[in-house]
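The values are calculated or read from the model by the stated rules, or taken from the named source; none is laboratory data. Small disclaimer: the values here were computed from a predicted structure and weren't measured. FYI the Cβ positions are ideal-geometry reconstructions off the backbone, even for glycines, and counts take in every protein chain you see.
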Protein chains: 2
Amino acid sequence: MDDTSPQSSGPARSAFETAGGVMRFPKGKGLRLDSGATLDGLEIAYETYGRLNADGSNAVLVCHALTGDQYAASPHPVTGKPGWWSRVIGPGLPLDPQKHFIISSNVVGGCMGSSGPASTDPSTGKPYGLTFPMITIADMVRAQVMLIDALGIDTLFAVIGGSMGGMQVLQWAADYPDRVFSAVCIAAAARHSAQNIAFHEVGRQAIMADPDWRGGAYDAAGVRPEKGLAVARMAAHITYLSEAALQRKFGRELRKDGLSWGFDADFQVESYLRHQGASFVDRFDANSYLYITRALDYFDLAAPHGGVLAEAFAKARNVRFCVLSFSSDWLYATAESRDIVRALNAAGCRASFVEIETDKGHDAFFLDEPQLDRTLRGFLQSAGQMRGLS
Amino acid sequence: MDDTSPQSSGPARSAFETAGGVMRFPKGKGLRLDSGATLDGLEIAYETYGRLNADGSNAVLVCHALTGDQYAASPHPVTGKPGWWSRVIGPGLPLDPQKHFIISSNVVGGCMGSSGPASTDPSTGKPYGLTFPMITIADMVRAQVMLIDALGIDTLFAVIGGSMGGMQVLQWAADYPDRVFSAVCIAAAARHSAQNIAFHEVGRQAIMADPDWRGGAYDAAGVRPEKGLAVARMAAHITYLSEAALQRKFGRELRKDGLSWGFDADFQVESYLRHQGASFVDRFDANSYLYITRALDYFDLAAPHGGVLAEAFAKARNVRFCVLSFSSDWLYATAESRDIVRALNAAGCRASFVEIETDKGHDAFFLDEPQLDRTLRGFLQSAGQMRGLS
């Protein structure tokens with residue numbers, strides 16, 4: 001085996017054609033980072049659905065959100081739940097493994113198999129913890145480029161993602177416009193606002209306030225900052241739902257008959273939030289949460305272009321863009337998507353824009369939202385025809 | 001001294017006519033609580049500005065918000081800062097000590113001198129901690145009634161407050177309509193929504209996750225859950241400002257030149273939030289924060305009236321209401337105030353309603369907001385004329 005070529009390993013799985021594993025990049029093929037550091041021994045965990053066609057024209061990269069992972073359409077190995085985008089990826093669905101070769105990889109900095117702060121630092125043999133270098137959205141995309149290079153893919157038929165995934169989509173179009181045929185950016189923004197940063201800072205402070213965080217070195221101490229991470233998740237989770245959705249789902253409904261006159265979870269919304277926090281810590285690493293929220297806060301696509309967002313898209317005129325927002329999303333509101341579309345228009349790019357009317361809030365892209373399905377299907381079919389996919 | 005009459009003590013202060021101290025209610029004059037318990041040895045800390053007139057017709061009760069206190073127009077003894085409503089209370093201001101006798105008291109459950117979880121339980125000689133009984137907004141009002149009784153006031157010319165203060169105003173009008181001439185409810189709601197409860201639950205979980213909380217018995221251990229309380233404050237503080245105000249004040253401005261590539265406070269909004277958290281713990285008690293947020297979550301003015309808010313106001317037809325909201329308040333949005341006004345109208349009450357256009361968010365009632373000043377001045381002058389105040 002040529003030890004300068006990346007190696008992939010991992011079990012084969014059933015259902016529709018599913019593959020994947022961990023792509024390991026040898027020393028000397030380090031990931032160059034925005035911070036100036038280079039990450040050696042990069043590993044990227046990924047899943048694929050479907051098969052690359054003969055001319056390599058049907059590859060779709062699905063980019064995940066902050067707490068997502070590569071299990072977009074395969075059961076999650078920890079929770080056993082269906083993939084987070086099983087509603088979109090599957091036979092007869094907008095992303096169809098019978099037609100597309102769908103790739104979903106865990107971002108660098110993540111905790112589901114890609115190199116991240118919980119990984120072992122090859123130079124010390126110990127977990128990185130806070131010695132892991134800071135990463136950015138552009139770094140995540142650079143790692144994805146290495147992955148698709150290793151998979152032998154030149155141009156992606158589509159890059160698609162929601163929330164942080166949408167930011168990666170924009171970064172792809174800005175940095176690698178010749179390798180992207182179409183780009184679907186859902187419920188995202190071209191930069192993090194002060195309020196976005198503020199919510200993330202609350203989460204980070206909650207984690208770092210937990211004495212079991214141990215300055216990031218909790219792994220060595222055999223503990224985990226579960227309480228802090230749960231609080232971080234609870235705070236973030238509120239921003240993923242609209243006020244109306246919370247009210248519709250829970251209102252002031254009590255868990256039991258009457259009030260407890262104490263600090264137990266009296267209201268259903270409290271036990272729901274507590275459950276969100278408690279279940280999250282089973283599947284997510286606290287340091288990864290710090291690193292990835294930081295990457296989001298640092299995200300400002302226009303910054304390297306003198307603050308002019310249109311300049312970021314100057315070379316992306318051949319990319320077909322679809323920008324989607326949800327009317328009740330207050331994390332990355334429709335106004336943020338409009339800013340993106342305005343910049344795309346100013347840059348002379350082809351952009352479709354749809355604001356989907358829903359009361360479900362930011363997380364609508366995971367949920368049963370027929371207009372989202374219709375829009376994705378229509379856009380991808382049309383782009384597929386242009387690309388020569390049946 | 002008759003040991004069944006309440007006693008007041010405290011230093012006299014200068015500026016305009018200022019008095020106050022702590023009203024101590026003797027045993028046998030306990031505060032009856034919604035939970036069914038009775039709180040014996042009640043103490044209510046209060047400040048007064050101005051002087052009660054001969055016919056007792058000029059008394060105004062100012063009700064404070066979640067983290068407020070009785071120092072509405074006198075310097076805060078811990079922070080040294082001017083009173084939280086010094087912009088509204090003072091000579092020539094809407095609440096004028098030369099005209100009104102203004103009373104501001106610390107709510108029961110608070111931590112600035114009124115009975116609360118940090119107080120000594122007279123039956124044990126130790127701090128209550130979590131053995132302090134649960135309180136409600138109605139309990140706060142009941143304690144205020146005991147205070148104004150002790151001060152020899154029959155009917156309040158006005159009850160006025162913002163946020164949780166506004167809820168107390170509504171509760172006063174519902175429970176003691178014959179003792180309220182006019183009521184000013186600012187940036188409040190008639191009940192806590194699922195989202196409101198969710199944010200409070202995050203704060204409580206942050207406090208209770210802090211190992212220095214010690215199940216509420218931190219006083220005895222000589223520690224304080226400062227980190228948890230700071231995180232709670234940070235999360236809540238985001239809800240007090242509009243997204244636009246945060247963006248206008250901080251945007252993505254950095255503290256230093258360039259990014260730190262670490263978890264220091266890179267962005268100004270981060271250091272602002274950290275400061276909010278750190279300074280809050282100097283002046284507030286963590287258990288009080290638990291109790292008062294719980295009182296807010298339990299608040300649902302319509303609930304004892306079969307869920308019909310208008311019924312809560314059925315006996316308040318002689319009260320002159322002024323309801324104010326801020327257009328960018330997303331904690332207690334204008335829609336909540338409209339619900340109150342609709343119920344007042346349905347009950348046949350006299351209600352003025354003003355939505356103030358501002359981008360400052362919920363906390364606008366503390367801030368320089370000329371339309372708020374004008375509206376308060378106009379309403380109070382008009383009510384004053386009806387009341388026979390010059």
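Is one or more of the residues making up the range A:270-283 modelled with pLDDT under 95 and more than 10 Å from chain B (Cβ to nearest Cβ)? Steps first, answer last, please.
First pass over the range A:270-283, keeping only residues modelled with pLDDT under 95: none.
No, the range A:270-283 contains no residue that is modelled with pLDDT under 95 and more than 10 Å from chain B (Cβ to nearest Cβ).
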*Options B:376, B:389, B:324, B:331: the member that is buried (at least 22 other Cβ atoms within 10 Å of the Cβ) and assigned to a loop (DSSP other than H, G, I, E, B)*: B:331
*Across the range A:194-208, what is the number of residues that are closer than 17 Å to residue B:251 by Cα, at the interface with chain B (Cβ under 7 Å from one of its Cβ atoms) and polar (S, T, N, Q)?*
1
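Let's see how each residue does on (1) within 22 Å of the chain's Cα centre (by Cα); (2) buried (at least 22 other Cβ atoms within 10 Å of the Cβ); (3) small (Gly, Ala, Ser); (4) closer than 25 Å to residue B:246 by Cβ:
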site: A:170; (1), (2), (3), (4): yes, yes, no, yes
site: A:177; (1), (2), (3), (4): yes, no, no, no
site: A:183; (1), (2), (3), (4): yes, yes, yes, no
site: A:190; (1), (2), (3), (4): yes, yes, yes, yes
site: A:213; (1), (2), (3), (4): no, yes, no, no
site: A:232; (1), (2), (3), (4): yes, yes, yes, yes
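Only one of these is within 11 Å of another protein chain (Cβ to nearest Cβ), surrounded by fewer than 23 Cβ atoms within 10 Å (Cβ to Cβ) and at pLDDT 95 or above: B:314, B:310, B:302. Name it.
B:302
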*Does the range B:49-73 hold any residues that are of a type outside the set (Lys, Arg) and surrounded by fewer than 22 Cβ atoms within 10 Å (Cβ to Cβ), and which are they?*
B:52, B:53, B:54, B:55, B:56, B:57, B:66, B:67
*So which residues in the range A:342-356 are more than 23 Å from the chain's Cα centre (by Cα) and either among the aromatic types (Phe, Trp, Tyr) or not in a helix (DSSP H, G or I) (or both)?*
A:347, A:348, A:349, A:350
*Assuming residue B:389 fulfils every condition listed in (1) modelled with pLDDT under 95; (2) of a type in the set (A, V, I, L, M); (3) closer than 17 Å to residue B:63 by Cβ apart from one, which condition is it?*
(3)
_Residues that are at pLDDT 95 or above, within 20 Å of residue A:389 (Cβ to Cβ) and of a type outside the set (Asp, Glu), at least 3 per element: which strands (runs of 3 or more DSSP E) completely within the range A:1-67 meet that?_
A:59-63
*Taking into account only those residues within the range A:175-193 that are part of a helix (DSSP H, G or I) and not basic (Lys, Arg), which is farthest from the other protein chains (Cβ to nearest Cβ)?*
A:178
*asked:* Can you tell me which of (1) in contact with a Gly (Cβ under 9 Å, 6 or more places away or on another chain); (2) buried (at least 21 other Cβ atoms within 10 Å of the Cβ); (3) of a type outside the set (Ser, Thr, Tyr) is the one residue A:142 doesn't meet?
replied: (1)
*State all residues of the range A:357-373 that are in a loop (DSSP other than H, G, I, E, B) and of a type in the set (A, V, I, L, M); if no residue qualifies, say none.*
A:367
_If the requirement is being within 17 Å of residue B:95 (Cβ to Cβ), touching a residue at least 24 places away in the same chain (Cβ under 8 Å) and either polar (S, T, N, Q) or outside the structural domain of residue B:155 (by TED's automatic domain parsing) (or both), which of these qualifies: B:375, B:358?_
B:375
*asked:* When the residues of the range B:234-252 are narrowed to those that are of a type in the set (Gly, Ala, Ser) and free of Cβ contacts under 8 Å to residues at least 60 places away in the same chain, which ends up surrounded by the most Cβ atoms within 10 Å (Cβ to Cβ)?
replied: B:235
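Across the range A:209-251, what is the number of residues that are outside any helix (DSSP H, G or I) and either among the hydroxyl-bearing types (Ser, Thr, Tyr) or more than 9 Å from chain B (Cβ to nearest Cβ) (or both)? Before the answer, list the steps.
Just the residues of the range A:209-251 that are outside any helix (DSSP H, G or I), to begin with: A:210, A:217, A:222-225, A:241-242, A:250-251.
Next cut, either among the hydroxyl-bearing types (Ser, Thr, Tyr) or more than 9 Å from chain B (Cβ to nearest Cβ) (or both) only: A:217, A:222-225, A:242.
Counting residues in the range A:209-251 that are outside any helix (DSSP H, G or I) and either among the hydroxyl-bearing types (Ser, Thr, Tyr) or more than 9 Å from chain B (Cβ to nearest Cβ) (or both) gives 6.
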